[in-house]
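Values in this text are rule-based calculations from the coordinates and carry no lab data. Everything quoted here is computed from the prediction, not taken from an experiment. With ideal geometry, Cβ positions are generated from the backbone for all residues, glycine too; neighbour counts draw on all protein chains shown.
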Amino acid sequence: MNRHERRKQKKLTKEPPYFKVTDMTPFVLGSYIIKYKVPMTMINEINSQYDEATDLQNWSKNLAGKIRDEFRVDDILSEATKNTFTACFQKYLEVIQKQLWHVVLSNAWINDMRAGEYNPFHFHSSTISDVGLSSVLCLKIPDTYGVEYTKEDEPSNGWLEFNGGQQDPLSISQLRQNVQPGDLYIFPYTMLHGVYPFNGTDQVRRTLSFNCSLIKPGLIEESEMQQEYTA
Ligand SMILES: [Fe+2]
């Protein structure tokens, strides 16, 4: 390599001048989805309670899912499980800096989803509040979700997807997740979400959803006062 070539090489490898910037902190405006990891002892407990239950109420007529086996499970869940959900809902409020809301647990149900079934995109509501949180806790997944009919490098079979409702090119509008047993997602119940169908297995994909209403403290006090007055 002659001097001219050395100089050319040096010029090519030399980094352009810049000031090193540190401590990048992203701030996000809009709705949050928070993912927690629940201990497998809780997952195993819920699976056993569900498998041993004999007279659960089929809840599919109240749900969006194209899923045959959707059962209401509030009554069979332990106090520890309910308290864990309440704590995770409260933690969510802490993260979004809205701790004024009072968490009131509502319905819980389990979806046993089989090949070919799916959960269309939907959102939730409540009869007692216009504000609330929903959740998805993964209890078990099949060994395979079968064949991806196109684009194997972009899987969707059996995956949970959230739609943020904002297609701004500079925003994140969708989140698709391959949920695993123990994963718990909490999100506003007005956020669109759905689950894609899968194939090629007889095993079930089992999730539990627990919803909560968020009530202003003033309303709780008012209702307590009313109860006292009418008692
Ligand atoms: Fe849902």
Quiz item: So is Leu93 within 16 Å of the ligand (Cβ to nearest atom), within 17 Å of Cys212 (Cβ to Cβ) and of a type in the set (A, V, I, L, M, F, W, C) or not?
Solution: no
Exercise. Only one of these is charged (D, E, K, R), surrounded by fewer than 18 Cβ atoms within 10 Å (Cβ to Cβ) and in a helix (DSSP H, G or I): Lys82, Lys35, Lys98. Name it.
Key: Lys82
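Here is a yes/no grid of residues against (1) of a type in the set (Asp, Glu); (2) assigned to a loop (DSSP other than H, G, I, E, B); (3) within 17 Å of the chain's Cα centre (by Cα):
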| residue | (1), (2), (3) |
| --- | --- |
| Glu154 | yes, yes, no |
| Glu161 | yes, no, yes |
| Pro169 | no, yes, no |
| Ile172 | no, yes, yes |
| Leu175 | no, no, yes |
| Phe187 | no, no, yes |
| Thr190 | no, yes, yes |
| His193 | no, no, yes |
| Gly200 | no, yes, no |
Quiz item: For Val104, are the conditions met, namely being in contact with a Gly (Cβ under 9 Å, 6 or more places away or on another chain), in a strand (DSSP E or B) and more than 15 Å from the ligand (Cβ to nearest atom)?
Solution: yes
Quiz item: If you go through region 43-84 one residue at a time, how many are hydrophobic (A, V, I, L, M, F, W, C), more than 16 Å from the ligand (Cβ to nearest atom) and more than 17 Å from the chain's Cα centre (by Cα)?
Solution: 6
Quiz item: Within region 59-77, is there a residue that is of a type in the set (Asp, Glu), out of contact with any helix residue (DSSP H, G or I) (no Cβ under 8 Å at 6 or more places or on another chain) and touching a residue at least 60 places away in the same chain (Cβ under 8 Å)?
Solution: no
